[in-house]
């Protein structure tokens, strides 16, 4: 992992949110940037980082395919250590980034290092492969968790997720007609992406308020 973080929001915020990117797009993608800005406007300090395979795409090494999510756990743990957040810390990310965070969350939470887990578009299964579930560890995940999911996310729709066994610590915010980037079709839903991101930020603020208390 590179040592570079992107920061948004006040340095003295009571809660920092550390976000990793999805499998195919970098930490400064349009979706990640818009989400970070929305969270920062609600008073969070938001830090974004990249896994080494993605950072390598910015150099002469060229495009590397994403590795298996399990192999990225040490890089995420290293990012938590490098960030050295002094206040309350929430870890998470978009799609694969949130999935990797979910794999290390319980150890960090038990150790008092994080207060919760935030997943933005959790990849419950690969597109068009609903039988290939990535939910086994979610059945006993004890870390307080908020998943923000579009109702038409091809990695897990509202109908898909209704049939899964998820631990009671997991809360889900459903965003009407949102896709994997939480983006709705305004002509169908009446909502814009900005509307949904504002809802995400306000929901995260209320959720973390309960955690901090």
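A few notes on this one:
- Cα gyration tensor shape for region 112-155, rounded if a/c is under 1.5, else prolate or oblate: oblate
- Shape call, region 154-213: gyration tensor on alpha carbons, a/c limit 1.5: oblate
- Relative exposure of 107, 177, judged by other C-beta atoms within 10 Å (fewest first): 107, 177
- Gain in span if fully extended, residue 110 to residue 176, counting 0.36 nm per residue against the direct Cα distance: 20.4 nm
- The chain: C-alpha gyration tensor shape, a/c 1.5 cut-off, then a/b vs b/c: rounded
- Legend: ranking of residues 113, 4 from fewest to most surrounding C-beta atoms inside 10 Å; resulting order 4, 113.
- Fully extended contour minus Cα-Cα distance, from residue 58 to residue 203, at 0.36 nm per residue: 48.8 nm
- Here the extension length gained between residue 41 and residue 158 equals 39.3 nm, from 0.36 nm per residue of separation less the Cα-Cα distance.
- Fewest-first ranking of 167, 51, 124, 191, using other Cβ atoms within 10 Å as the exposure measure: 167, 191, 124, 51
Read the figures in this text as sums done on the coordinates, not as results from a lab. All values derive from a computational prediction rather than experimental measurement. Glycine also receives a Cβ, built like all others from the backbone with ideal geometry; neighbour counts cover every protein chain displayed.
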